[in-house]
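Enquirer: Let me begin by handing over the structure; questions about it come next.
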Amino acid sequence: MIKTIAGTKDTLPFEISKWQYFENFVEEVMSRFNYKEIRTPVFEETSLFARGIGESTDIVSKEMYTFLDRSQTSITLRPEMTASVMRSVLEHSLDKQQQLNKLYYISSMFRQERPQAGRLRQFNQFGAEAIGLEDPLLDAEMIIIAYDILKGLGLNSLEVKINSLGVPSSRENYKKLLRMYLDDKKGGLSEESKKRLDSNILRIFDSKIESDQKIMENAPLLLEHLDDGSLEKFETVKSYLLKAGVPFEIDPRLVRGLDYYTHTTFEIISRNVGSQSALCGGGRYDLLASEIGDRLIPAVGFAAGMERILLACENENCLVIPEDEVGVYIVRLNNDLYNETYNFALQLRRNSVKAELDYSRKSVKAQMREANKINARKTILFGGDEYTNNEIVIKDMKSGVQEKIGLSDIEKIISIIED
RNA sequence: GUGGGUAUAGCUCAGUUGGUUAGAGCGUCUGGUUGUGGCCCAGAAGGUCAAGGGUUCAAAUCCCUUUACUCACCCCA
């Protein structure tokens, strides 16, 4: 038997309504902030991600689904959306048509990692990007939108963490300081962290290994060595968040794994999922446009993992979706009216009524059971004496009350069904 | 890539120290009189006990291998 590939999942009919609810909610909030949806291809030229995200990152170096197509072009299934969105903005010169492009997406991403709780190889993210301006208000807005959506779904145990990475020049100075600090201590670092000394020294802060953490405990912090301009921006972001009522904590160790971040970085985590607790992450990436394009475009954005959010929702018992129901179930009283019953149901369906009926010549009892099972608000008994009198019986499934109506009086039938 | 755990019906799981035709609940289908649901009752269908090998008179049960799933590390959403 052929099964789904490891790390991929079917979304089955019984769980689809919660996804639709979730997606609609995201769309609604995004549209209130006047963000426009953007859709880009699921696969791109590999170099877009290699250059955009950074060769040394884990995503690019070991997690991408990359393959050669029939014309020997290296293709990659997108592991994230930001690089694609920026590519699209550059390619279509959206940045020249208006100063600020506020965009959002809800799409599948692909990363070849070992699956576990809250981590799939094909997973869904929603996210937003505000491209074209460097006002810190937009940094704050990203956090506000993400927070409002998670909160709006009913999640409570959220922690918002923020940090600033400053600009490249102050960061380079700081890296020198950090390198000096680590110079006589690097023997005690883990193998993984030693590699990062050269590739991405900031990420050593991310290490969960105790000995590494001990060494990093007294390391100088980037936040304490930001240039004045960066510091001021960070302060501004914080003040906006305060005024917006978004609780946050500053986490100087929040450095994020992607190369393109500058200034603000943030993450929203939940204690109510497995070890993969980051529901949402993002930040400012003023350098990305120039990495993959020919000009500088300041931008800020975030991405949120939808499976993880739904996990958190399940564990917190929020997001209560109303049960599916059907307007009316047509019960066929005699099987010689098989086709007439169908046409009657069809007439209702073509008049926007959600109607169901039996397709297998079941007994009346079995049809009634079915009507009950699928939550039909009304049933219509079709056939028998009433049929010869050009009537049907309509029954309210909650009260059990039933009445006769003229078969051709569709208007009235519909109004009773919808009542 | 590295560890740990699990694998019995569509689903959730029982299955004694190896011992006859492998069980339950839920779900599915049928029925509980003539044309009526929920609750209840009765019956039926449904299993190569993940796969392959070994030990044994005898294996779902013990041993080995493989595969799948799962959790965690790494990292990220």
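Enquirer: For the stretch A:124-137, name all the residues that are surrounded by 24 or more Cβ atoms within 10 Å (Cβ to Cβ) and either under 12 Å from A:F266 (Cβ atoms) or of a type outside the set (D, E, K, R) (or both).
Expert: Correct list: A:F126, A:G127, A:A128, A:A130, A:I131.
Enquirer: Counting only residues that are of a type outside the set (G, A, S) and within 7 Å of RNA strand B (Cβ to nearest atom), which one in the stretch A:380-419 is farthest from A:L346 (Cα to Cα)?
Expert: A:K398
Enquirer: Now, a different point. Of the residues A:R332, A:R308, A:R284, A:R295, which single one is under 27 Å from A:I374 (Cα atoms) and basic (K, R)?
Expert: A:R332
Enquirer: Identify, by number, the condition in (1) within 14 Å of RNA strand B (Cβ to nearest atom); (2) in contact with a strand residue (DSSP E or B) (Cβ under 9 Å, 6 or more places away or on another chain) that A:L348 doesn't meet.
Expert: Answer for A:L348: the failing condition is (1).
Enquirer: Scanning the stretch A:258-296 for residues that are of a type in the set (V, I, T) and touching a strand residue (DSSP E or B) at 6+ places or on another chain (Cβ under 9 Å), which turns out farthest from A:R51 (Cα to Cα)?
Expert: Per the stated criteria, the residue is A:V273.
Enquirer: What are the residues in the stretch A:168-191 that are touching a helix residue (DSSP H, G or I) at 6+ places or on another chain (Cβ under 8 Å) and touching a residue at least 24 places away in the same chain (Cβ under 8 Å), if any?
Expert: A:S170, A:R171, A:N173, A:Y174, A:K175, A:L177, A:L178, A:L182, A:K185, A:G188, A:L189
Enquirer: Let me spell it out: the conditions are (1) away from RNA strand B (no atom under 14 Å from the Cβ); (2) in the same structural domain as A:G127 (by TED's automatic domain parsing); (3) in contact with a helix residue (DSSP H, G or I) (Cβ under 9 Å, 6 or more places away or on another chain); (4) of a type outside the set (G, A, S), and A:L310 meets all of them except one. Which number is the exception?
Expert: (1)
Enquirer: Do you know which of the residues in the stretch A:37-62 that are within 16 Å of RNA strand B (Cβ to nearest atom) and charged (D, E, K, R) is farthest from A:I292 (Cα to Cα)?
Expert: Checking each candidate, the answer is A:K62.
Enquirer: So, in the stretch A:354-376, how many residues would count as being of a type in the set (D, E, K, R), near RNA strand B (Cβ under 9 Å from one of its atoms) and surrounded by 15 or more Cβ atoms within 10 Å (Cβ to Cβ)?
Expert: 3
Enquirer: So which pairs qualify, if the first residue must be in the stretch A:382-401 and assigned by TED's automatic domain parsing to the domain that holds A:T341, the second must be among the hydroxyl-bearing types (S, T, Y) and assigned to a strand (DSSP E or B), the Cβ gap must be under 7 Å, and the two must be at least 6 apart or on different chains?
Expert: A:K395/A:T379; A:M397/A:T379
Enquirer: For a quick check of your reading of the model, give me the residue pairs whose first member lies in the stretch A:30-56 and is assigned to a loop (DSSP other than H, G, I, E, B), whose second is modelled with pLDDT under 95, with beta-carbon atoms closer than 8 Å and at least 6 apart or on different chains.
Expert: Pairs that qualify, where the first residue is assigned to a loop (DSSP other than H, G, I, E, B) and the partner is modelled with pLDDT under 95, are A:G54/A:V60; A:G54/A:L258; A:G54/A:D259; A:G54/A:Y260; A:E55/A:S61; A:S56/A:S199; A:S56/A:N200; A:S56/A:D259.
Enquirer: Go through the stretch A:1-22 and count every residue that is of a type in the set (A, V, I, L, M, F, W, C), assigned to a loop (DSSP other than H, G, I, E, B) and surrounded by 10 or more Cβ atoms within 10 Å (Cβ to Cβ).
Expert: 1
Enquirer: Another question about this same structure. Can you tell me how many residues in the stretch A:294-350 are more than 24 Å from A:E129 (Cβ to Cβ) and either within 17 Å of the chain's Cα centre (by Cα) or part of a helix (DSSP H, G or I) (or both)?
Expert: Total satisfying the criteria: 22.
Enquirer: Being surrounded by 15 or more Cβ atoms within 10 Å (Cβ to Cβ) and among the acidic types (D, E) is the filter here, so list the residues in the stretch A:42-56 that pass it.
Expert: Once the filter is applied, which keeps residues that are surrounded by 15 or more Cβ atoms within 10 Å (Cβ to Cβ) and among the acidic types (D, E), the stretch A:42-56 yields only A:E44.
Enquirer: Given the criteria away from RNA strand B (no atom under 11 Å from the Cβ), among the aromatic types (F, W, Y), under 30 Å from A:R271 (Cβ atoms) and surrounded by 14 or more Cβ atoms within 10 Å (Cβ to Cβ), does A:Y65 qualify?
Expert: For A:Y65, the condition - away from RNA strand B (no atom under 11 Å from the Cβ), among the aromatic types (F, W, Y), under 30 Å from A:R271 (Cβ atoms) and surrounded by 14 or more Cβ atoms within 10 Å (Cβ to Cβ) - is not met.
Enquirer: Quick check on A:S164: is it farther than 15 Å from A:V42 by Cα, hydroxyl-bearing (S, T, Y) and surrounded by fewer than 19 Cβ atoms within 10 Å (Cβ to Cβ)?
Expert: no
Enquirer: Looking at the stretch A:75-123, which of the residues that are among the hydroxyl-bearing types (S, T, Y), more than 10 Å from RNA strand B (Cβ to nearest atom) and within 26 Å of A:A278 (Cα to Cα) is surrounded by the fewest Cβ atoms within 10 Å (Cβ to Cβ)?
Expert: A:S108
The values are calculated or read from the model by the stated rules, or taken from the named source; none is laboratory data. Just so it is clear, the structure is predicted and the values come from calculations on it, not from any experiment. Glycine also receives a Cβ, built like all others from the backbone with ideal geometry; neighbour counts cover every protein chain displayed.
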